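Q: I am attaching a structure below and will ask some questions about it afterwards.
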Amino acid sequence: MHGRDSDLNLDRLFIHKDYQGKGIATAITTELEAYGFKNNLNLILTHAFITAKPFFEKCGYHVLKKQVVERSGQRLTNFVMQN
C-alpha cells in the first residue's frame with residue numbers, strides 16, 4: 001500500500017488459490033483500511049483484475065473505471081476501484 005496526500009493505493013494483494021476463501025484477504029484489507037482511517041487517509045484505490053473485482057465489491061469498493069493494461073505483451077482488463 002502506498003499513499004499520496006489523502007489517499008492510499010492498495011497494490012498487489014494476491015492470495016494463493018489454495019488459501020482463497022479463508023478470510024485472509026478480508027483480514028488484510030480490513031487492517032489496511034483501519035490503518036488508513038487512523039492516519040486520516042480515507043480514500044483507498046485499487047486496480048483490481050477481473051477475478052478480484054467481486055471481492056472488492058463485497059468489501060464495499062465501487063468501480064471508477066474499466067481499463068486495459070499491457071503486461072509482458074499481454075493486454076489485461078482491470079478496474080480502478082475505490083472504497
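Any read-out appearing in this document is the output of simple, stated calculations on the displayed coordinates, not a laboratory observation. Since this is a predicted model, take the numbers as computed values, not measurements. So basically every Cβ, Gly included, is an ideal-geometry build from the backbone, and we count neighbours across all protein chains shown.
Q: Calculate I(q)/I(0) for the chain by the Debye formula, one identical point scatterer on each C-alpha and no solvent, and give its log10 at q = 0.14, 0.17, 0.22, 0.25 Å⁻¹ to two decimals.
A: Each listed q corresponds, in turn, to -0.49, -0.71, -1.11, -1.30.
Q: Please state the charge dipole magnitude for the chain, taken about the Cα centre, from unit charges on C-beta atoms (+1 on K and R, -1 on D and E), reported in debye and rounded to the nearest 20. Show your work: numbers first, answer last.
A: Numbers: 11 positive and 8 negative charges, 58 e Å.
In total the dipole reaches around 280 debye.
Q: Report, ordered by chain and residue number, the aspartates and glutamates lying within cross-link reach of Lys65, taken as a straight Cα distance under 19 Å and ignoring same-chain residues fewer than 8 apart.
A: The qualifying aspartates and glutamates are Asp7, Asp11, Glu57.
Q: Next question, about the same structure. Convert each backbone phi in the stretch 18-24 into a coupling constant with the Karplus relation 6.51 cos²θ - 1.76 cosθ + 1.60 (shift: θ = phi - 60°), then list the ³J(HN,Hα) values in order as whole Hz, x for Gly and Pro.
A: Going residue by residue, I get 6, 10, 5, x, 9, x, 5 Hz, with x marking Gly and Pro.
Q: Which one of His47, Ala25, Leu76 is farthest out on the positive end of the charge dipole of the stretch 2-82, using unit charges on Cβ (Lys, Arg +1; Asp, Glu -1) and the Cα centre as origin?
A: Going by the charge dipole, the pick is Leu76.
Q: Could you compute the FRET efficiency for Thr26 and Arg71, with r as their C-beta to C-beta distance and R0 at 35 Å, rounded to 0.05? Can you show the working numbers first?
A: Working: r = 26 Å, r/R0 = 0.74.
Rounded to the nearest 0.05, the efficiency is 0.85.
Q: Among 66-78, 18-30, what's the highest-first ranking by average C-beta atoms within 10 angstrom per residue?
A: Values: 66-78: 9.5, 18-30: 12.5.
Going from most to least packed, we get 18-30, 66-78.
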